[in-house]
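Since the structure comes first, as structure tokens, the remarks are kept for the end.
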Amino acid sequence: MDKSWMHSDRRSKEYEFGVEAFLNFAVENLLTTTHIRCPCVKCVNLKLFGVGIIRDHVYFNGIDQSYKNWTFHGEPWEATTNASRNIEEDDGHSRYSFVSEEIDMDDNDFGDFGSDPYEFANVIGDGDQPVYPGCRKYTKLSALVKLYNLKAKHGMSDVCFTKLLILQGDLLPEGNTIPTSMYEAKKTLCALGLSYEKMHACPNDCILYRKEYEDSTSCPTCGISRWKEGKDSILKEGEPAKVVWYFPPIPRFKRMFQSHETAKSLTWHAARKLIDGQMSHPADSPSWKLLDDKWPEFGNQPRNLRLALSSDGFNPHSSLSSRYSCWPVILVTYNLPPWLCMKRKFMILTLSIFGPKQPENDIDVYLEPLIDDLKSLWVGIRGVYDAHNGEYFTLRAALMWTINDFPAYGNLSGCVVKGYKACPICGDDTPSHRLKNGHKICYIGHRKWLPINHPYRRQRAAFNGKPEYGIPPEPLTGEEVLHMVENGDRVCWKKKSIFFDLEYWKYLPVRHALDVMHIEKNVCDSIIGTLLEIPGKNKDGIAARLDLLNMEVKTDLQPEYGERRTRLPPGPWNLSRAEKREVCNSFYGMKVPEGYSSNIKNLVSLQDSRLLGLKSHDCHTLMQQLLTVAIRSVLEKPARYMKVLKGYVQNRTRPEGCIAERYIAEEAVEFCTQHLSDVSTVGVPSSQKMGVSKPLSGCTVSVVDQDLLNQAHLYVLENTEEVLPYIEQHMIHIMTTYPKFRKRTKWLQDKHNSTFIQWLRFKFKVNLRKTIMAYQKI
């Protein structure tokens with residue numbers, strides 16, 4: 001059939017005859033005049049209309065010229081030649097049309113939607129039907145998506161969801177398109193989603209049965225069978241002993257660029273104009289800038305993705321006693337703005353490693369397929385469609401770092417995180433000390449990272465009884481680490497990390513980052529457990545006191561042994577029962593804005609005086625703000641004079657006489673100390689405590705530049721009463737000098753206040769400091 005009219009002028013007779021021939025062809029083959037896909041450049045065969053509406057669309061919008069084979073309108077599918085697959089780039093090209101061989105797309109580039117490149121369009125078109133005849137608000141697809149969203153949000157079971165679908169179908173008029181079962185709904189939605197791969201793994205975490213091991217029936221390393229063993233010790237052939245679920249990230253990145261808004265957000269980092277020298281986004285980090293500078297062809301394309309990988313283990317059986325472990329591996333895209341990149345929608349689950357035990361150092365085995373995809377993304381994935389710019393491009397991506405807690409840091413990086421040399425920065429020089437009674441290793445050299453003049457460096461009793469004068473070591477570069485593990489120098493390293501298979505990994509300045517909130521939760525649990533003496537979380541005990549005694553720190557807190565029990569002297573951190581109740585009551589009465597944290601009231605157990613069920617974000621808010629508010633209620637209050645008089649009472653039968661006699665005695669002592677040297681007074685603190693000759697403990701010493709000093713000087717002058725006459729004299733001098741203000745002189749003398757002076761100073765922005773300095777010279 002002649003299709004040359006598709007390229008003709010829409011006002012020509014040739015185009016008119018072609019449209020009518022096309023509509024007749026569609027009606028003859030589809031045997032309907034009301035449900036035909038519209039091939040205009042806006043609908044692109046995704047919407048169904050009647051013949052009249054399609055005719056209007058094709059004349060008004062134009063026909064999609066890339067629609068060469070009319071498969072949606074009854075023409076049989078034929079293998080197209082290279083010439084028939086060329087796309088004429090114009091403003092109306094189809095988003096789901098064929099792509100020319102000139103951009104070298106292979107067969108896998110259509111794998112997102114199955115073997116048929118129009119499969120996604122078919123699903124959209126079928127779902128565009130009204131949910132029931134005459135409904136204009138909901139289509140079949142929109143109704144199904146909203147119902148399925150409720151299922152996912154509220155944890156509805158499959159059986160409950162099936163019954164809900166049946167009820168919905170009965171409530172709606174006849175002819176509705178609501179699925180009648182969970183199976184039918186899932187079948188429709190699965191066509192919109194992306195696939196996953198189930199990979200068999202060795203139960204001992206030796207290999208994945210892929211590539212050269214795909215057809216193996218036993219592990220070549222440990223010899224254990226690939227198949228699951230039943231209760232009767234008989235292998236169940238075909239049923240794997242362990243399965244890993246892999247979600248390929250490449251099709252998911254392609255899907256992100258197929259959304260107009262998401263594709264626009266993925267270049268946000270290049271469009272932002274805030275450059276203030278502060279790190280407000282990963283784009284300000286040294287790793288990001290290194291990729292731009294070392295590989296400019298990568299950095300010049302703002303659509304190239306910068307990724308982070310996060311992994312940690314959790315118990316999928318919630319709070320049950322099962323020790324089963326699940327390790328998800330998640331990718332985060334940093335191209336997005338800060339308010340989107342950490343949202344659930346843009347976190348891509350790539351791997352799900354199920355237990356029953358943790359993979360630990362063998363996690364590299366399960367990361368192999370992901371590393372292979374990251375290598376492909378570094379080389380480039382051709383033929384990715386950008387819906388925002390309406391063009392195809394080659395997508396590249398780089399992994400910048402991993403995010404995890406400290407134990408997972410050791411599994412991913414290969415660094416030792418236990419024992420005497422567990423610091424990844426200090427290495428062989430890790431300042432470690434084994435506690436004789438606590439049977440743990442502590443690391444007490446952390447003060448070396450403080451500024452050289454920080455007061456904590458000189459404090460002894462608050463730490464290990466010694467001052468700290470050391471300087472922090474320089475972290476090892478990726479190239480140095482790679483050289484060490486490849487040459488067998490593995491004192492502080494367990495293995496060579498699989499991430500070094502990435503070409504750029506060894507050049508990155510930061511390869512692994514610790515999850516601060518995860519660490520903050522552990523610290524918060526220890527502090528709360530020690531303050532409230534929660535069993536299992538209290539870090540204060542006989543062993544801790546004995547270790548302090550061995551280190552000759554806080555020796556006054558050593559245990560006191562009795563005949564029946566051992567008593568621990570109360571430390572500054574110990575609270576009485578009444579104080580614990582007061583702290584818990586403070587937490588119980590707190591009210592915070594919605595979304596700030598959990599409802600603190602629900603986390604407090606007043607009966608046991610403890611906090612339960614704290615999440616990471618709750619611990620963050622406690623450590624930053626709420627704990628200081630709650631603990632304030634039990635801190636020592638500033639002494640009032642009534643308390644001093646109350647302390648005079650020693651004989652409770654004669655309180656008045658005690659107060660009078662002790663007051664007279666103190667009065668005499670205070671008088672005598674004025675005539676004696678080297679005797680401190682009682683009623684006035686010593687100058688050593690009152691002086692400001694040195695900073696208080698914990699302060700930060702900073703150097704003030706001249707501009708800031710001038711501002712401080714000006715502020716003091718403006719708020720000092722003795723300077724006011726100079727200001728008034730200067731203002732009067734201005735008024736009498738300039739004729740414009742002579743008329744206001746009488747008003748100033750009558751009012752004699754600072755209102756007019758303030759207005760004049762604001763009007764002419766008088767430099768007050770220079771004025772005062774000039775008068776001082778006179």
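List every residue pair whose Cβ atoms sit under 6 Å apart, with the two residues 6 or more apart in sequence or on different chains, where the first one lies in the stretch 524-543 and is under 22 Å from Glu560 (Cα atoms) and the second, anywhere, is part of a helix (DSSP H, G or I).
Listed pairs, sorted by first residue: Leu532/Lys580; Asn538/Gly529; Asn538/Thr530; Lys539/Ser526; Lys539/Thr530; Asp540/Thr530.
Quick grid of which residues meet (1) modelled with pLDDT of 90 or more; (2) under 16 Å from Pro248 (Cα atoms):
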| residue | (1), (2) |
| --- | --- |
| Asn304 | yes, no |
| Leu309 | yes, yes |
| Tyr334 | yes, no |
| Phe346 | no, yes |
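Looking only at residues in the stretch 615-627 that are surrounded by 19 or more Cβ atoms within 10 Å (Cβ to Cβ) and touching a residue at least 60 places away in the same chain (Cβ under 8 Å), which one is farthest from Ile519 (Cα to Cα)?
Once the filter is applied, the top-ranked residue is Leu627.
If you check every pair at least six apart or on different chains, which have Cβ atoms under 8 Å apart with a residue in the stretch 133-148 that is under 15 Å from Leu48 (Cβ atoms) and open to solvent by less than 70 Å² (accessible area, probe 1.4 Å) first and a residue that is part of a helix (DSSP H, G or I) and β-branched (Val, Ile, Thr) second?
Sorted first by the residue in the stretch 133-148, then by its partner, the pairs are Leu141/Val123; Leu141/Ile124; Leu141/Thr188.
Could you run through the stretch 152-177 and say how many residues are of a type outside the set (S, T, N, Q), assigned to a loop (DSSP other than H, G, I, E, B), open to solvent by less than 70 Å² (accessible area, probe 1.4 Å) and under 21 Å from Arg136 (Cα atoms)?
Summing the residues that are of a type outside the set (S, T, N, Q), assigned to a loop (DSSP other than H, G, I, E, B), open to solvent by less than 70 Å² (accessible area, probe 1.4 Å) and under 21 Å from Arg136 (Cα atoms) in the stretch 152-177 gives 3.
Kindly indicate whether Ser319 is in contact with a Gly (Cβ under 7 Å, 6 or more places away or on another chain) and either at pLDDT below 85 or crowded, with 17+ Cβ neighbours inside 10 Å (or both).
Spelling it out, it is not the case that Ser319 is in contact with a Gly (Cβ under 7 Å, 6 or more places away or on another chain) and either at pLDDT below 85 or crowded, with 17+ Cβ neighbours inside 10 Å (or both).
Which residues, counting only those in the stretch 469-487, are among the aliphatic types (A, V, I, L, M) and surrounded by 15 or more Cβ atoms within 10 Å (Cβ to Cβ)?
Leu476, Val481, Leu482, Met484, Val485
Please name all residue pairs, on different chains or six or more residues apart, with Cβ atoms under 9 Å, provided the first residue is in the stretch 562-579 and is touching a residue at least 24 places away in the same chain (Cβ under 8 Å) and among the acidic types (Asp, Glu) and the second residue is surrounded by 10 or more Cβ atoms within 10 Å (Cβ to Cβ) and not in a loop (DSSP other than H, G, I, E, B).
Cβ pairs passing all conditions: Glu579/Ser633; Glu579/Val634.
Report yes if Glu486 is acidic (Asp, Glu) and modelled with pLDDT under 90, otherwise no.
Considered against the rule, which asks whether it is acidic (Asp, Glu) and modelled with pLDDT under 90, Glu486 comes out as yes.
Right, Ala271: within 24 Å of His388 (Cα to Cα), touching a Phe, Trp or Tyr at 6+ places or on another chain (Cβ under 8 Å) and either open to solvent by less than 60 Å² (accessible area, probe 1.4 Å) or not aromatic (Phe, Trp, Tyr) (or both) or not?
No, not satisfied.
Determine which member of the set Ile63, Ile53 is among the β-branched types (Val, Ile, Thr), open to solvent by 50 Å² or more (accessible area, probe 1.4 Å) and either under 48 Å from the mean Cα position of the chain (by Cα) or at pLDDT 85 or above (or both).
Testing whether each residue is among the β-branched types (Val, Ile, Thr), open to solvent by 50 Å² or more (accessible area, probe 1.4 Å) and either under 48 Å from the mean Cα position of the chain (by Cα) or at pLDDT 85 or above (or both) leaves just Ile53.
Would you confirm whether or not the stretch 655-668 contains a residue that is assigned to a loop (DSSP other than H, G, I, E, B), farther than 30 Å from Glu582 by Cα and at pLDDT below 75?
Checking the stretch 655-668: not a single residue is assigned to a loop (DSSP other than H, G, I, E, B), farther than 30 Å from Glu582 by Cα and at pLDDT below 75.
Of the conditions (1) open to solvent by 80 Å² or more (accessible area, probe 1.4 Å); (2) touching a residue at least 60 places away in the same chain (Cβ under 8 Å), Leu31 fails just one. Which one is it?
(2)
Filter the strands (runs of 3 or more DSSP E) completely within the stretch 360-468 down to those with at least 1 residues that are open to solvent by less than 40 Å² (accessible area, probe 1.4 Å) and of a type outside the set (Ser, Thr, Tyr).
Details: elements: 381-386, 391-395, 397-404, 432-434, 441-443.
Where strands (runs of 3 or more DSSP E) fall fully within the stretch 360-468 and carry at least 1 residues being open to solvent by less than 40 Å² (accessible area, probe 1.4 Å) and of a type outside the set (Ser, Thr, Tyr), they are 381-386, 391-395, 397-404, 441-443.
Would you point out the residue of the stretch 515-572, among those that are among the hydrophobic types (A, V, I, L, M, F, W, C) and either within 30 Å of Thr402 (Cα to Cα) or within 27 Å of the chain's Cα centre (by Cα) (or both), that is most open to solvent (accessible area, probe 1.4 Å)?
Of everything passing the filter in the stretch 515-572, Val516 is most open to solvent (accessible area, probe 1.4 Å).
May I ask you to list the residues in the stretch 496-514 that are assigned to a loop (DSSP other than H, G, I, E, B) and either surrounded by 19 or more Cβ atoms within 10 Å (Cβ to Cβ) or of a type outside the set (Val, Ile, Thr) (or both)?
Lys496, Ser497, Leu502, Glu503, Tyr504, Leu508, Pro509, Arg511
Which one is nearest to Arg55 (Cα to Cα), of the residues in the stretch 2-15 that are outside any loop (DSSP other than H, G, I, E, B) and open to solvent by less than 70 Å² (accessible area, probe 1.4 Å)?
Looking only at the stretch 2-15, we keep the residues that are outside any loop (DSSP other than H, G, I, E, B), and these are 4-7, 13-15.
Okay, now just the ones that are also open to solvent by less than 70 Å² (accessible area, probe 1.4 Å), so 4-6, 15.
Values: Ser4: 18, Trp5: 15, Met6: 13, Tyr15: 12 Å.
Ranking the qualifying residues of the stretch 2-15, first place goes to Tyr15.
Condition first: open to solvent by 40 Å² or more (accessible area, probe 1.4 Å) and in contact (Cβ under 8 Å) with a residue 24 or more places away in the chain. Can you find one or more residues in the stretch 330-337 that meet it?
So far as the stretch 330-337 goes, no, none of its residues is open to solvent by 40 Å² or more (accessible area, probe 1.4 Å) and in contact (Cβ under 8 Å) with a residue 24 or more places away in the chain.
Out of the stretch 230-257, which residues are farther than 17 Å from Thr217 by Cα and either of a type in the set (Asp, Glu) or touching a Phe, Trp or Tyr at 6+ places or on another chain (Cβ under 8 Å) (or both)?
Across the stretch 230-257, the qualifying residues are Asp232, Trp245, Tyr246, Phe247, Pro248, Lys254, Met256, Phe257.
Step by step: first the residues of the stretch 470-489, then only those that are in a loop (DSSP other than H, G, I, E, B) and out of contact with any helix residue (DSSP H, G or I) (no Cβ under 7 Å at 6 or more places or on another chain), then the one that is farthest from Leu557 (Cα to Cα). Which residue is that? Reasoning before the result, please.
So in the stretch 470-489, the residues in a loop (DSSP other than H, G, I, E, B) come out as 470-477, 487-489.
Retained after the next criterion (residues that are out of contact with any helix residue (DSSP H, G or I) (no Cβ under 7 Å at 6 or more places or on another chain)): 474-477, 487-489.
On the way: Glu474: 38, Pro475: 38, Leu476: 41, Thr477: 44, Asn487: 49, Gly488: 47, Asp489: 44 Å.
Among residues in the stretch 470-489 that are in a loop (DSSP other than H, G, I, E, B) and out of contact with any helix residue (DSSP H, G or I) (no Cβ under 7 Å at 6 or more places or on another chain), the one farthest from Leu557 (Cα to Cα) is Asn487.
The values are calculated or read from the model by the stated rules, or taken from the named source; none is laboratory data. Small disclaimer: the values here were computed from a predicted structure and weren't measured. In this analysis, Cβ positions are derived from the backbone assuming ideal geometry, glycine residues included, and neighbour counts consider all displayed protein chains. Surface areas here come from the heavy atoms of the whole protein model, side chains and all, with no ligands, DNA or RNA. Shrake-Rupley method; radii C 1.70, N 1.55, O 1.52, S 1.80 Å.
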